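Chemist: Before anything else, here's the structure in question.
The values are calculated or read from the model by the stated rules, or taken from the named source; none is laboratory data. As the structure is a computational prediction, the values presented were derived from the model and not from experiment. All Cβ positions, glycine included, derive from the backbone under ideal geometry; neighbour counts span all protein chains shown. When the accessible area is computed, the model is the full protein with side chains, heavy atoms only, and any ligands, DNA or RNA have been set aside. Shrake-Rupley method; radii C 1.70, N 1.55, O 1.52, S 1.80 Å.
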Amino acid sequence: AIGSDLDVALPEYGDLLSPDFALVNPFAEEGSRWALLGNFAPHGLDFDDLDQSAEWNATPQLRLERLLREREVAIGLLVSEQAVRLVYAPRGESTGHITFPLAFMMEPAGRPVMAAFLALLCDERLIGVGAEENLLALMQKSREFQNEVSEKLAQQVLGALHALVRGIQAADERSGQTLLRAGLEEDPQHNYG
């Protein structure tokens, strides 16, 4: 364990969360001085399996998320024998993660994945570049773009739904309002559903 300044007591569960490793950001000007916190998954346990050996029976993923949020460090790493998971868990926002399967990255077909893994977690990206270009900034920008895409997609889906309803209404009018009548008489909620 790294030390008590990063520990998070969970009195409601009688448990203590601690990172197994941490990376200091020597250039941090404000906020946390930690670039990332990490944990090793218990031997043989997947990141999303319940850890029955701990007092708080949560997955390694949930344990790391709680640790990150409590310590206000947005980036974490989970490491197991099979994979490495990069976790983005900013306080007050939903969590995102990407899992890098180690066996696949060792195969020729996995070289692009290994290159992406190294590009994301190299020392330059973590602490060697300015605040606008480091991993945290990259993840924040990615979240902003993700939100923009989600909003645009929601608008497109709503527009398509309106077009579908207008088309059904037009078809019903062309049929002399017989197209929907049988369904409405039999089960009024069916057409709405």
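Chemist: Name every residue in segment 85-129 that is basic (Lys, Arg) and modelled with pLDDT under 95, in order of residue number.
Modeler: ARG91, ARG125
Chemist: Now for a separate question. Given the residues LEU121, LEU136, which is the only one that is open to solvent by 40 Å² or more (accessible area, probe 1.4 Å), of a type in the set (A, V, I, L, M) and under 24 Å from VAL24 (Cβ atoms)?
Modeler: It is LEU136.
Chemist: Out of all the residues in segment 76-87, is one or more charged (D, E, K, R), over 28 Å from ASP20 (Cα atoms) and either out of contact with any strand residue (DSSP E or B) (no Cβ under 9 Å at 6 or more places or on another chain) or assigned to a helix (DSSP H, G or I) (or both)?
Modeler: As a first pass, look at segment 76-87 and keep what is charged (D, E, K, R): 81, 85.
When the remaining residues are screened for being over 28 Å from ASP20 (Cα atoms), the result is none.
Looking for residues that are charged (D, E, K, R), over 28 Å from ASP20 (Cα atoms) and either out of contact with any strand residue (DSSP E or B) (no Cβ under 9 Å at 6 or more places or on another chain) or assigned to a helix (DSSP H, G or I) (or both), one finds none in segment 76-87, hence no.
Chemist: Here's something else I'd like to know. Identify the single condition in (1) free of Cβ contacts under 8 Å to residues at least 40 places away in the same chain; (2) open to solvent by 50 Å² or more (accessible area, probe 1.4 Å) that GLY110 does not satisfy, given that it satisfies every other one.
Modeler: (2)
Chemist: May I ask you to list the residues in segment 88-107 that are touching a strand residue (DSSP E or B) at 6+ places or on another chain (Cβ under 8 Å) and of a type in the set (Phe, Trp, Tyr)? Break it down into steps so the answer makes sense when it comes.
Modeler: Looking only at segment 88-107, we keep the residues that are touching a strand residue (DSSP E or B) at 6+ places or on another chain (Cβ under 8 Å), and these are 88-89, 95-102.
Selection gives TYR88, PHE100.
Chemist: Moving on to the next point. Evaluate segment 83-103: report whether one residue or more is hydrophobic (A, V, I, L, M, F, W, C), open to solvent by 30 Å² or more (accessible area, probe 1.4 Å) and over 24 Å from LEU6 (Cβ atoms). Break it down into steps so the answer makes sense when it comes.
Modeler: If we filter segment 83-103 for residues that are hydrophobic (A, V, I, L, M, F, W, C), which is where we start, we get 83-84, 86-87, 89, 98, 100, 102-103.
Now restrict to residues that are open to solvent by 30 Å² or more (accessible area, probe 1.4 Å): 98, 102-103.
Retained after the next criterion (residues that are over 24 Å from LEU6 (Cβ atoms)): 102-103.
Yes.
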